[in-house]
Amino acid sequence: MGSAGYDNIKIAVRDLTKLFSNNSHNLHALEAINLEVGEGEFFCLLGPSGCGKSTLLNIMAGFEKPTAGKVLIGGEEIKAPNPRYVTVFQDYGIFPWRTVQENVEFGLEIKGVNGSERENIAKEFIKLVGLCGFEKRHPYELSGGMKQRVSLARALAVNPEIIFMDEPFGAVDALTRMKLQEELVKIWGKENKTIIFVTHDIDEAIYLGDRIAVMTPVPGKIKSILEVTMSRPRIRTGSDFLGIKEKIYSEFFGLEKCQQKVKL
């Protein structure tokens, strides 16, 4: 049996450590990370800034190499990025000289998909993220939330097995962020992708995740992995939601302080 009831383990992180070194000092970024992510799971990495969660995601995605340990995806060790897995970053990463349609088609171009098929696939995912009518617009004509929808549509268009997301909603306002969270859950439910989502926002992790890995400050370690058993869509003000929030606060601040922190 896989993690949290998942029969198929998609990602396995084994005894992973990461050190950054230069002439003056060493930074112990990650230490003894072990976790498993099931196929189709929405898995959140939650921790304070500087705890190594983005470094862990970059290693899982193949952008960085671990100092020790390894990451396995589908049983194969990851040593470099793979087109079967895509990453959505906070800074959108879309091309300012391309229209929405052209940006979403970019990954399909790289894969060699022909023009008419590429156009149809892009239109499907532009519709999925709620950007119909904006196909010919350029990024400077879009809001931050709309730009992030373009990034998500481009990622989905290439039909990846895994989507790595590094605080993708961190640059937008609170109301837009909640709307994007709602849309992402709907898309994930429809597309059944495995998602690894990095965040330092506790509410965001509870709203999105099937499970939440709580990470400690440097050196980053997995302090606990909490399963979120609430049904979807989740009510942010409900007692179950607040109960999980209290558990997470207790992990960060200690049981004696958690009641006070939840009320802040």
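The values are calculated or read from the model by the stated rules, or taken from the named source; none is laboratory data. Treat the numbers as computed from the prediction; the structure is a model and nothing was measured. We place every Cβ from the backbone using ideal geometry, glycine too, and count neighbours over all the protein chains shown.
Structural remarks
For every residue, the table says whether it meets (1) of a type outside the set (A, V, I, L, M, F, W, C); (2) touching a Leu at 6+ places or on another chain (Cβ under 7 Å); (3) in a loop (DSSP other than H, G, I, E, B).
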site	(1), (2), (3)
ALA12	no, yes, no
ALA32	no, no, no
PRO48	yes, no, yes
PRO66	yes, yes, yes
VAL86	no, no, no
GLN101	yes, no, no
PHE106	no, no, no
SER116	yes, no, no
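- Which listed residue, of PHE63, PHE125, PHE89, is more than 23 Å from LEU180 (Cβ to Cβ) and not small (Gly, Ala, Ser): PHE63
- Selected residue [closer than 18 Å to PRO217 by Cα and touching a helix residue (DSSP H, G or I) at 6+ places or on another chain (Cβ under 6 Å)] from GLY52, GLY47, GLY38: GLY47
- Residue selected from the stretch 167-182 under the condition surrounded by fewer than 17 Cβ atoms within 10 Å (Cβ to Cβ) and of a type outside the set (S, T, N, Q), by the criterion modelled with the lowest pLDDT: ALA171
- Screening PRO217 on (1) buried (at least 20 other Cβ atoms within 10 Å of the Cβ); (2) modelled with pLDDT under 90; (3) not charged (D, E, K, R) shows it passes everything except condition (1).
- Residues within the stretch 97-109 that are within 19 Å of PRO83 (Cβ to Cβ), over 23 Å from the mean Cα position of the chain (by Cα) and touching a residue at least 24 places away in the same chain (Cβ under 8 Å), tallied: 0
- Residue list for the stretch 207-227, filter: touching a Leu at 6+ places or on another chain (Cβ under 9 Å) and either at positive phi or of a type in the set (Val, Ile, Thr) (or both): ILE212, VAL214, VAL218, ILE222, ILE225
- Taken over the stretch 123-137, the residue count meeting the criterion of being part of a loop (DSSP other than H, G, I, E, B) and in contact with a helix residue (DSSP H, G or I) (Cβ under 8 Å, 6 or more places away or on another chain) is 8.
- Among the candidates LYS79, LYS18, residue that is of a type in the set (Lys, Arg) and assigned to a strand (DSSP E or B): LYS18
- Of all residue pairs spaced 6 or more apart or on separate chains, those with beta-carbon atoms under 7 Å, a first member in the stretch 156-173 that is on the phi > 0 side of the Ramachandran plot and touching a residue at least 40 places away in the same chain (Cβ under 8 Å) and a second member that is surrounded by fewer than 19 Cβ atoms within 10 Å (Cβ to Cβ) and in a loop (DSSP other than H, G, I, E, B) are GLU167/GLN90.
- Among residues of the stretch 127-146 that are of a type in the set (Phe, Trp, Tyr), those with a beta-carbon under 6 Å from a residue that is outside any loop (DSSP other than H, G, I, E, B) at least six positions away or on a different chain give the pairs PHE134/VAL100.
- Reported count of residues in the stretch 47-89, each being surrounded by 18 or more Cβ atoms within 10 Å (Cβ to Cβ), in contact with a Gly (Cβ under 9 Å, 6 or more places away or on another chain) and polar (S, T, N, Q), is 2.
- Qualifying residues in the stretch 1-10 (those that are of a type outside the set (A, V, I, L, M), in a loop (DSSP other than H, G, I, E, B) and at pLDDT below 85) - the one surrounded by the most Cβ atoms within 10 Å (Cβ to Cβ): TYR6
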